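Trainee: Before I ask anything, here is the structure I am working with.
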Amino acid sequence: MCGIICYVGEKKAIPILIDGLKRLEYRGYDSAGVAILDGEDLWCRKQEGKIAGLEMEINGIHSDASIGIGHTRWATHGVPSQINAHPHFDMGQNSAMVHNGIIENYGQLKESLAADGVRFESETDSEVLVQLIGKFYNGDLAFAIRQALQLVQGTFG
């Protein structure tokens, strides 16, 4: 089962996110990842397998960022892999997203987005959602999410 953690506050986000992901391990997962907003830079690290592998990947990264999201994934669309792990970015790298659930019409949406020139990195329905949000993004994230969710069918959080 997937798990989501986010942090916005005064403390450094990375240790809090890793600790939170470790607390979700009992739920089962095949990969994990984090995305951090560090000043103006949005960056991500993902790893197939145990959170300890993700922690090693992040070890040595010094960031004072105090905003981030983390995710443990149990594959439903796309094989367990680093590429299919969450978070996913939109093509413009303006948004990072984690997602639990299933986008039932992701195939149709993916075809439409690809016809508009969107390039996909993963095999997941989740990336389709963040790419759809990216398509509508005009500086107003709430607007983009509302527009995207009007087109999405499924059960998701």
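Trainee: Report, in debye and to the nearest 20, how large the dipole of segment 18-115 comes out about its Cα centre when Lys and Arg carry +1 and Asp and Glu carry -1 on their Cβ.
Mentor: Numbers: 8 positive and 13 negative charges, 73 e Å.
It comes to approximately 360 debye.
Trainee: Here's a follow-up. Do me a favour and compute the ellipsoid semi-axes for segment 104-157 from its Cα gyration tensor, root of five times each eigenvalue, largest one first, whole Å.
Mentor: Semi-axis lengths for segment 104-157 are 16, 14, 9 Å.
Trainee: Given only helices, namely DSSP H runs of n ≥ 4 each adding -39500 (n - 2.57), what is the per-residue ellipticity at 222 nm of the chain, to the nearest 500 deg cm²/dmol? Display every interim value, and only then the final one.
Mentor: Working: 5 runs with 50 residues, N = 157.
So the calculated ellipticity at 222 nm is -9500 deg cm²/dmol.
Trainee: Specify the longest stretch of the chain that does not include any exposed loop site, a site being one of the GluC sites (Glu not before Pro) with a non-H, G, I, E, B DSSP assignment and at most 12 other Cβ atoms within 10 Å. Don't jump to the answer; show the numbers that get you there.
Mentor: On the way: sites that count: Glu10, Glu40, Glu121.
In the chain, the maximal stretch lacking such sites is 41-120.
Trainee: Given a 1.4 angstrom probe, what's the average accessible area per residue across segment 1-113, in square angstrom?
Mentor: Result: 53 Å² per residue.
Trainee: State the three equivalent ellipsoid semi-axes of segment 6-76, derived from the C-alpha gyration tensor as the square roots of 5 times its eigenvalues, in descending order and whole Å. Walk me through the numbers on the way to the answer.
Mentor: Values: eigenvalues 82, 28, 23 Å².
In descending order, the three semi-axes are 20, 12, 11 Å.
Trainee: Related question: Considering the alpha-carbon set of the chain alone, what are its Rg and its Dmax in angstrom?
Mentor: Final numbers for Rg and Dmax: 15.1, 42 Å.
Trainee: Which of Lys11/Lys50; Lys22/Lys46; Lys50/Lys135; Lys12/Lys46 have a Cα-Cα distance over 21 Å?
Mentor: Numbers: Lys11/Lys50 25 Å; Lys22/Lys46 14 Å; Lys50/Lys135 33 Å; Lys12/Lys46 19 Å.
In this structure, Lys11/Lys50; Lys50/Lys135 exceed 21 Å between Cα atoms.
Trainee: How big is segment 55-130 by Rg and Dmax over its Cα atoms, in Å?
Mentor: Computed over the Cα atoms of segment 55-130, radius of gyration and Dmax are 13.8, 41 Å.
Trainee: Mind ordering 130-140, 67-77 by average Cβ neighbours within 10 Å, highest first?
Mentor: In descending order of packing, they fall as 67-77, 130-140.
Trainee: Segment 32-67 to segment 70-138: how many Å between their Cα centroids?
Mentor: Each part reduced to its Cα centre gives a spacing of 19 Å.
Trainee: May I pose another question? Find the relative contact order for the chain and round it to a whole percent, using C-alpha pairs within less than 8 Å whose residues are 6+ positions apart.
Mentor: Result for the chain is 22 percent.
The values are calculated or read from the model by the stated rules, or taken from the named source; none is laboratory data. Predicted model only: the values in this text are computed from it and were never measured. Backbone-built Cβ (ideal geometry, glycine too); neighbour counts: all protein chains shown. Keep in mind that these areas ignore ligands, DNA and RNA; they rest on the heavy atoms of the full protein, side chains included. Shrake-Rupley method; radii C 1.70, N 1.55, O 1.52, S 1.80 Å.
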